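Notes follow the structure.
The values are calculated or read from the model by the stated rules, or taken from the named source; none is laboratory data. Note that the coordinates shown come from a computational prediction; the quantities given were computed from them, not determined experimentally. Cβ sites come from the backbone with ideal geometry, for glycine too, and all protein chains shown count toward neighbours.
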Amino acid sequence: MEISVGAVLEGTVKSITKFGAFIILPGGRSGLVHISEIAHSYVNDVKDFLQEGQQVKVKVVGIDEAGRINLSIKKAIDPPPRPQNSNPRPRTPNRPEPRSGGRPTFSGGNSSSRSTSVREAAAGNPNNDFELRLKQFMQSSDSKLSDLKMTEKRSSRRSGHK
């Protein structure tokens, strides 16, 4: 039987390891279901979800140059329904949008007008006082960190290290 990427097959769990489970596929070939591809929830121990000899439905997600077959159980089944949030929190107009750096960014304006928009937002809404305090803390922290790095550079030059 020809096995191709995207095929959904029935297989049998041959062995279980810390990092996944080996599955015997139709035709006698075997493939690996990595621990991250076993369930839609967090899997700490593969044995909590699978047992040797168990029949499972798997999807072929990849076949590498060496002919090894990568499988997924969670892609072969429908994901569990997401719980409906009965009270979703609406976005506030002047609320900062999160970004990957961990610091909030404010919509509109360039970096020089950012501190002004923070003060205006805080003045208009007492809940935004936190954003103002956070911004001041971050500026102070950045300044102290910069001073510390300069001190370290100076001391390393004196001692002959770099």
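So here's what we get for this one:
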{"item": "Tally, over segment 1-18, of residues that are more than 11 Å from residue 61 (Cα to Cα) and modelled with pLDDT of 90 or more", "result": "10"}
{"item": "Residue 58 surrounded by 15 or more Cβ atoms within 10 Å (Cβ to Cβ) and farther than 30 Å from residue 128 by Cα", "result": "yes"}
{"item": "Among (1) in contact with a strand residue (DSSP E or B) (Cβ under 9 Å, 6 or more places away or on another chain); (2) at pLDDT 90 or above; (3) part of a loop (DSSP other than H, G, I, E, B) - the single one residue 70 does not satisfy", "result": "(3)"}
{"item": "Test result for residue 24, surrounded by fewer than 16 Cβ atoms within 10 Å (Cβ to Cβ) and within 20 Å of residue 2 (Cβ to Cβ)", "result": "yes"}
